[in-house]
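The values are calculated or read from the model by the stated rules, or taken from the named source; none is laboratory data. Just so we're clear, the structure is a prediction, and the values are computed from it rather than from any experiment. Counting neighbours? That spans all protein chains shown, and the Cβs are built from the backbone with ideal geometry, glycine included.
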Amino acid sequence: MKRALRILLVLLVGVVIGGGWLAWRHLTLVNEPFRGFAAAEQFVEIAPGTGPQAIGRLLVDAGVVPDTLTWRIAVARSGAATRLKAGEYRFADAASPAQVIARLERGDVYLRTVTFREGLTIRQMAALYERAGLGAASEFVEASRQADLIRGLDPAARNLEGYLFPDTYRFPRGTGEREIAAALVAGFRARWEREIRPLLAPGDHRGPRELVILASLVEKEARLDEERPLVAAVYANRLRLGIGLYADPTLIYGLKLAGRWDGDLRRRDLESDSPWNTYRVTGLPPGPICSAGAASLRAAARPADSPYLYFVSRNDGTHVFSTTLAEHNRNVEIWQRRYFRERAAAERESAALPRAH
């Protein structure tokens with residue numbers, strides 16, 4: 001009997017010691033860095049309303065924390081069970097369960113970066129939005145129809161074309177398309193109030209819509225910042241004199257809207273009745289044709305003091321400007337017709353040369 005009691009006592013002591021060691025070990029693991037995933041990075045998405053135990057299972061399955069018992073101990077010690085925030089989290093380095101809990105309590109979610117460069121249309125922006133993993137392009141396009149976001153500045157706006165400011169943005173996954181569109185419009189409004197509106201001369205009665213449309217044309221035509229005020233001056237002068245703008249980008253934009261753009265402008269396109277055809281319709285086109293950057297907006301607000309009425313591309317990103325049609329025709333002959341004739345001849349000559357084998 002005594003022997004049995006001694007054995008039982010030894011077993012009880014062993015259980016207590018073992019349990020104590022196990023508890024001590026898990027307490028140690030709470031603050032011990034752990035990395036159980038092999039990939040360079042591991043993403044864990046926590047849906048809204050997910051409880052701490054379910055979060056623990058997600059993290060264990062992902063190799064972010066060692067086991068559910070350690071997780072439960074860590075959560076209990078932190079007192080943060082009700083403060084763990086939903087979202088997408090990115091893990092790369094080893095981190096202790098306590099550190100993981102601190103991140104979830106802060107809501108230190110992973111932000112997806114998307115850069116919208118100057119000169120993009122809504123549909124081009126939507127493609128980048130989808131590529132960044134933020135959502136479907138079609139949803140971005142739909143959100144961009146919410147013209148009420150810009151109604152205070154442009155009551156005539158039918159969508160947000162021209163008002164989604166080009167910049168680099170960072171959003172957590174799951175951010176709504178309308179919220180993202182609102183952030184881009186807020187970017188435009190901030191630039192407008194800080195940089196563009198103060199440039200308008202006293203007595204300049206042009207409204208935001210007119211300036212944004214003009215800036216979008218400048219954005220499509222000018223590559224160099226120093227040329228933007230000159231391009232804006234050409235368009236402003238032509239508008240003042242009632243001369244057609246003759247802007248290829250507006251015509252191309254209209255063809256894209258109609259699903260008829262194949263990369264080439266033809267004579268029948270120049271003769272079309274489209275409201276975007278500035279070869280036939282005088283004045284500005286019906287709306288912006290892209291999102292202009294700050295440099296183009298500044299140029300539209302304050303064009304160069306210049307008499308130029310024409311410009312033609314040198315095919316290297318720069319332009320030749322002129323004041324008369326005769327000058328312009330000479331420049332077109334030199335920089336367009338002769339340039340492309342000579343280039344085609346050089347290509348034919350190159351193709352005719354014997355090739356080494």
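The table below gives the values:
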quantity	calculated
Among (1) surrounded by 15 or more Cβ atoms within 10 Å (Cβ to Cβ); (2) modelled with pLDDT under 95; (3) of a type outside the set (A, V, I, L, M, F, W, C), the one test that residue 121 misses	(2)
Unmet criterion (only one of (1) surrounded by fewer than 17 Cβ atoms within 10 Å (Cβ to Cβ); (2) more than 34 Å from the chain's Cα centre (by Cα); (3) in contact (Cβ under 8 Å) with a residue 40 or more places away in the chain) for residue 74	(1)
Scan of segment 86-97 for residues that are crowded, with 16+ Cβ neighbours inside 10 Å and out of contact with any Phe, Trp or Tyr (no Cβ under 8 Å at 6 or more places or on another chain), ordered by number	86
Segment 187-203, subset touching a residue at least 12 places away in the same chain (Cβ under 8 Å) and either touching a Ser or Thr at 6+ places or on another chain (Cβ under 7 Å) or not in a helix (DSSP H, G or I) (or both), residue surrounded by the fewest Cβ atoms within 10 Å (Cβ to Cβ)	201
Residue pairs meeting the criteria (Cβ under 6 Å; at least 6 apart or on separate chains; first free of Cβ contacts under 8 Å to residues at least 24 places away in the same chain and outside the structural domain of residue 175 (by TED's automatic domain parsing), in segment 42-60; second β-branched (Val, Ile, Thr) and buried (at least 17 other Cβ atoms within 10 Å of the Cβ))	58/44
Selection count where residues are in contact (Cβ under 8 Å) with a residue 60 or more places away in the chain and more than 26 Å from the chain's Cα centre (by Cα), scope segment 266-312	11
Residue in segment 290-315 that is surrounded by the most Cβ atoms within 10 Å (Cβ to Cβ), counting only those that are hydrophobic (A, V, I, L, M, F, W, C) and farther than 27 Å from residue 141 by Cα	299
Yes/no for residue 77 being at pLDDT below 95 and assigned to a helix (DSSP H, G or I)	yes
Residue in segment 166-174 that is part of a loop (DSSP other than H, G, I, E, B), modelled with pLDDT of 95 or more, over 10 Å from the mean Cα position of the chain (by Cα) and under 17 Å from residue 291 (Cα atoms) present	no
Tally, over segment 112-148, of residues that are more than 16 Å from residue 287 (Cα to Cα), in a helix (DSSP H, G or I) and among the hydrophobic types (A, V, I, L, M, F, W, C)	8
Count - residues of segment 92-127 that are in contact with a helix residue (DSSP H, G or I) (Cβ under 8 Å, 6 or more places away or on another chain), over 25 Å from residue 257 (Cβ atoms) and among the aromatic types (Phe, Trp, Tyr)	0
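Per-residue answers, yes or no, for (1) within 29 Å of residue 136 (Cβ to Cβ); (2) not assigned by TED's automatic domain parsing to the domain that holds residue 142:
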{"residue": "178", "(1), (2)": "yes, no"}
{"residue": "183", "(1), (2)": "yes, no"}
{"residue": "189", "(1), (2)": "yes, no"}
{"residue": "216", "(1), (2)": "yes, yes"}
{"residue": "221", "(1), (2)": "no, yes"}
{"residue": "226", "(1), (2)": "no, yes"}
{"residue": "247", "(1), (2)": "no, yes"}
